[in-house]
Amino acid sequence: MTTHTIKVKVNGVEYVREVEPRLLLSDFLRHDLGLTGTHVGCEHGICGACTILFDGEPMRSCLIFAVQANGHEVTTVEALGTPEKMHPLQEAFQEKHALQCGYCTPGFLMTLKPFLETHPNPTDEEIREAIDGNLCRCTGYEHIIEAVKLAAQKMATRS
Ligand code: FES
Ligand code: FES
């Protein structure tokens, strides 16, 4: 099969790779670059587990072909924080028990990062709306909403 050369910046690092035209961005990130923090659930754009930032906007990486990322900038959950220096969202998810199996968590985090940047003091309603495209089978969402509010407080005191 014909391959295409793509140049894409992922988490600040520029990669040049040969990819097949039908390779999904989610598979490119996980299999070609080894960034397995991006999870794949439905592969149909329904669950939100594969959410990444594409030029700063949250997008489902299972709905994008790797070739479409040519010339663009992608940010995955690996760039959010480290165990030693977590992002306020990660700290808040841990403190508020906003995850159980954790499969959905990277998608929630990457959806919520830009949301909190534009909604520093969100209402419950705004949070529910922001996460309405992310599915979680474990938590019942209430702890996630509490975590988002805590993260907003943490971000306000740190800025
Ligand atoms: S794996 Fe992409 S939305 Fe479910
Ligand atoms: S924590 Fe298990 S699916 Fe959300």
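The values are calculated or read from the model by the stated rules, or taken from the named source; none is laboratory data. These figures come from a predicted structure and were not determined experimentally. Note that we place each Cβ from the backbone using ideal geometry, even for glycine, and neighbour counts take in every protein chain shown. Note: accessible area is taken over every heavy atom of the protein model, side chains too, but ligands, DNA and RNA are not part of it. Shrake-Rupley method; radii C 1.70, N 1.55, O 1.52, S 1.80 Å.
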* Considering region 100-158 alone, what residues qualify as being near ligand 2 (Cβ under 10 Å from one of its atoms) and open to solvent by 60 Å² or more (accessible area, probe 1.4 Å)? -> GLN100, CYS101, TYR103, LEU135, ARG137, TYR141, HIS143
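Against the definition (of a type in the set (Gly, Ala, Ser) and under 19 Å from VAL77 (Cβ atoms)), how does ALA147 come out, yes or no?
Working: of a type in the set (Gly, Ala, Ser): yes; under 19 Å from VAL77 (Cβ atoms): yes.
Yes.
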* Note down all Cβ pairs under 7 Å where the first residue falls in region 117-142 and is farther than 19 Å from PRO106 by Cβ, the second is among the acidic types (Asp, Glu), and they're at least six residues apart or on different chains. => HIS119/GLU126
* Asked: Do the conditions hold for GLN94, that is, is it under 13 Å from the mean Cα position of the chain (by Cα) and assigned to a helix (DSSP H, G or I)?
  -> no
* Structure fact -> Taking region 110-151 and keeping only residues that are within 16 Å of ligand 1 (Cβ to nearest atom) and either more than 18 Å from CYS47 (Cβ to Cβ) or within 16 Å of the chain's Cα centre (by Cα) (or both), one is left with MET110, THR111, LEU112, ALA130, ILE131, ASP132, GLY133, ASN134, LEU135, CYS136
* To do: Answer yes or no: is there a residue in region 5-22 that is buried (at least 19 other Cβ atoms within 10 Å of the Cβ) and within 16 Å of ligand 2 (Cβ to nearest atom).
  => no
* To do: From (1) touching a residue at least 40 places away in the same chain (Cβ under 8 Å); (2) under 30 Å from SER159 (Cα atoms), pick out the condition that doesn't hold for GLN94.
  => (1)
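Listed here are the residues, each with its yes/no results for (1) of a type in the set (A, V, I, L, M); (2) over 18 Å from LYS149 (Cβ atoms); (3) not assigned by the TED database to the domain that holds CYS47.
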position: GLU57; (1), (2), (3): no, yes, no
position: ALA69; (1), (2), (3): yes, yes, no
position: HIS72; (1), (2), (3): no, yes, no
position: THR75; (1), (2), (3): no, yes, no
position: ALA92; (1), (2), (3): yes, no, yes
position: GLN100; (1), (2), (3): no, yes, yes
position: CYS104; (1), (2), (3): no, yes, yes
position: LEU109; (1), (2), (3): yes, no, yes
